[in-house]
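The values are calculated or read from the model by the stated rules, or taken from the named source; none is laboratory data. From a predicted model like this one, the values you see are computed outputs, not experimental measurements. Glycine also receives a Cβ, built like all others from the backbone with ideal geometry; neighbour counts cover every protein chain displayed. Note: accessible area is taken over every heavy atom of the protein model, side chains too, but ligands, DNA and RNA are not part of it. Shrake-Rupley method; radii C 1.70, N 1.55, O 1.52, S 1.80 Å.
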Amino acid sequence: MIDQLIALYEEAYRFYDPKRAVPPVHVSFYPYIGINHTIRLRDGEVFVRIGTVCSDMPLPCHRGLAYVLVGKLLRKRIPAGAREVYSAYSKSDALRERAAASKRSRGRKVVTSSKGSVYDLDEIFDAVNQQYFAGSIPRPALTWSARKTYRILGHHDATHGHVAISRSLDSTSVPRYIVEYVVFHEMLHIAHPTKHINGRRYNHTPAFRRDERKFAQYDAAEKWIEQNVRNLKKAAKRK
Ligand SMILES: [Zn+2]
């Protein structure tokens, strides 16, 4: 699936910029709230994050989205057809319903303990808070998720003042800095509250992303997550 998606982004690149070599493209799914996707260029490589609510979007719509995102990145005129095929899907009742359902299920909390079998979230939170926030972030209720989710690794629920971290990370095969990184990301959501502009929610603002890069092992952590989603998925299926 990911390989097919990468091919679509490469195709879009060639479409807009046929004379230049296509840069390395990385595509992953990311637990954005609502229908949201990002594309960015870092060290000559392209990183695409597609919102998990679109994880089973049909390929023709992914193709439309690829042309939209690459067109935005390269500041090119996006062909009307590409925009239409993607926006028809993103406006569909099925997707709207799924986005709403994902928000509802996140509102239904099974609160367990912050102490996992390997990592203690309270202890990790305190350490990250000292290192990056001078201890200024008030500690929310921190719990390991009931299920071993592998695409959604952490979630901050501002309404309930609660942070849940995927139980799939409570494992000796997961380095501690990965758990710290996911906790750090959720803490940034506390430090950067959601902005509402014209009825749209903005969670990962440019200021958020700038702060996110201050994490000492930022590149290593991003790389580890990208390379281990498959293993986390396998572990989640084993239960
Ligand atoms: Zn986030």
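Step by step: first the residues of the stretch 58-67, then only those that are among the aliphatic types (A, V, I, L, M) and buried (at least 19 other Cβ atoms within 10 Å of the Cβ), then the one that is farthest from residue 98 (Cα to Cα). Which residue is that?
It comes out as 66.
Quick one: would you say residue 238 is within 12 Å of the ligand (Cβ to nearest atom), open to solvent by 90 Å² or more (accessible area, probe 1.4 Å) and modelled with pLDDT under 95?
no
Considering only the stretch 45-52, I want to know if a residue exists there that is touching a His at 6+ places or on another chain (Cβ under 6 Å), surrounded by 17 or more Cβ atoms within 10 Å (Cβ to Cβ) and modelled with pLDDT under 90.
Checked the stretch 45-52: at least one residue is touching a His at 6+ places or on another chain (Cβ under 6 Å), surrounded by 17 or more Cβ atoms within 10 Å (Cβ to Cβ) and modelled with pLDDT under 90.
Which one of the conditions (1) in contact with a Phe, Trp or Tyr (Cβ under 8 Å, 6 or more places away or on another chain); (2) open to solvent by 10 Å² or more (accessible area, probe 1.4 Å); (3) at pLDDT 90 or above; (4) of a type outside the set (Phe, Trp, Tyr) does residue 166 fail to meet, given that it meets all the rest?
(2)
Taking interchain pairs and intrachain pairs at least six residues apart, which have beta carbon atoms under 7 angstrom, with the first residue in the stretch 168-197 and under 24 Å from residue 227 (Cβ atoms) and the second assigned to a loop (DSSP other than H, G, I, E, B) and within 11 Å of the ligand (Cβ to nearest atom)?
Cβ pairs passing all conditions: 169/153; 182/153.
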